[in-house]
Amino acid sequence: MNKNNKLEHLAIIMDGNGRWAIKRKKPRLFGHKAGIESLKRTIDACLDFNIKYLTIFAFSTENWSRPQEEVNGIMNIANQFCDNDLQTIINKGVKVLTMGDISRLPDKLEQTLYKVVDKTKNNSKLVLNIAINYGARAEIIRAVNNLLSSGIKECTEKEFESQLYTSGLPDPDLIIRASGENRLSNFMLYQCAYSEFYFPKVHWPDFNKKVIQKAIKVYSKRHRRFGGL
Ligand code: IPE
Ligand code: IPE
Ligand code: MG
């Protein structure tokens, strides 16, 4: 691995659930459910590969525009994940953070997320940063408004970054988007300045340890220059 290529922070856009389900002649929610199994596999893989930060894009500020039935279904699946799977993940030493405006989520989900963040604050094996009701533009505008309301007229990069959801986290080294789309869809637009990108064709429900292994291999051969030589 090149010396600049320590993979500390992996971010994943978990895309392709719907298409995966449609291919199987199943409703889209079937794909979202299968996506939870992928997420559990991915967390285990990150623990195995000693990755310190995993950010996952679970629901965007634009995803509210989907049919109400799908939005409700996704929220229910998120609730089920919290009820059935989170404790096992926590027991593995995972610290949970959230990124996005969770106050707009259904009450139960919001409360559970608050609790889990507090309960896991001393865990240190892996940080699982869940982007939910997250949009990078909303995040940037929120940061600007926080600074303005503190009376500031001008700010440094450091001061600006302190108002982002990712305050205290390193920038993502590698961003993977499942399902073959080559775009960010409003994900971590500020933090991705020097991120590497990897776009495997695999839909999120088929994502597994092998795909991550391949991504790490590809990443390790990239030459990150950060503007230098
Ligand atoms: C990603 O899968 C999950 C969410 C956006 C919540 P999609 O639901 O976007 O699946 P495709 O892209 O339509 O296949
Ligand atoms: C991005 O995927 C959001 C998540 C994976 C949560 P979308 O499926 O919403 O993005 P577009 O619509 O293809 O750009
Ligand atoms: Mg999609």
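Numbers at a glance
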item	result
Accessible area of the chain belonging to carbon and sulfur atoms, whole % at 1.4 Å probe	51 percent
222 nm mean residue ellipticity, helices alone, for the chain (DSSP H n ≥ 4; -39,500 (n - 2.57); rounded to 500)	-13000 deg cm²/dmol
Whole-Å distance, taken between Cα centres, linking region 165-206 and region 62-90	21 Å
Packing-based order for 192-203, 151-162, using average beta carbon neighbours within 10 Å, highest first	192-203, 151-162
Semi-axes of the equivalent ellipsoid for the chain, Cα gyration tensor, largest first, Å	26, 23, 18
Kirkwood Rh (inverse of mean 1/r, distinct Cα pairs), region 32-144, angstrom	14.6 Å
Cα convex hull of region 82-208, projected area averaged across orientations, nm²	9.4 nm²
Among 36-43, 183-190, 102-109, the order from most to least packed when residues are scored by Cβ within 10 Å on average	36-43, 183-190, 102-109
Over region 90-217, relative contact order from alpha-carbon pairs under 8 Å, at least 6 apart, %	22 percent
Within a Gaussian network of the chain (alpha carbon springs, distance under 10 Å), most fluctuating of Asp83, Asp173, Asp44	Asp83
Dipole moment magnitude, nearest 20 debye, region 142-229 about Cα centre, only Lys, Arg, Asp, Glu C-beta charged	560 debye
Full-extension gain in nm, Lys115 to Cys192, via 0.36 nm per residue minus C-alpha separation	24.8 nm
Relative contact order for the chain, counting Cα pairs under 8 Å that sit 6 or more residues apart, in percent	31 percent
Protection proxy ranking of 221-227, 21-27, 127-133 - average other beta-carbon atoms within 10 Å, highest first	127-133, 21-27, 221-227
Volume per residue of the C-alpha convex hull in region 39-105, rounded to whole Å³	99 Å³
Efficiency of FRET from Cβ geometry, Met75 and Arg222, R₀ 30 Å, rounded to 0.05	0.25
Accessible area (Å², per residue) of the chain, counting only protein heavy atoms and a probe of 1.4 Å	53 Å²
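The values are calculated or read from the model by the stated rules, or taken from the named source; none is laboratory data. Quick caveat, the model's predicted, so the values are computed rather than measured. Cβ atoms come from the backbone with ideal geometry, glycine included; neighbour counts cover every protein chain shown. The area values use the complete protein model at the heavy-atom level, side chains included, leaving out ligands, DNA and RNA. Shrake-Rupley method; radii C 1.70, N 1.55, O 1.52, S 1.80 Å.
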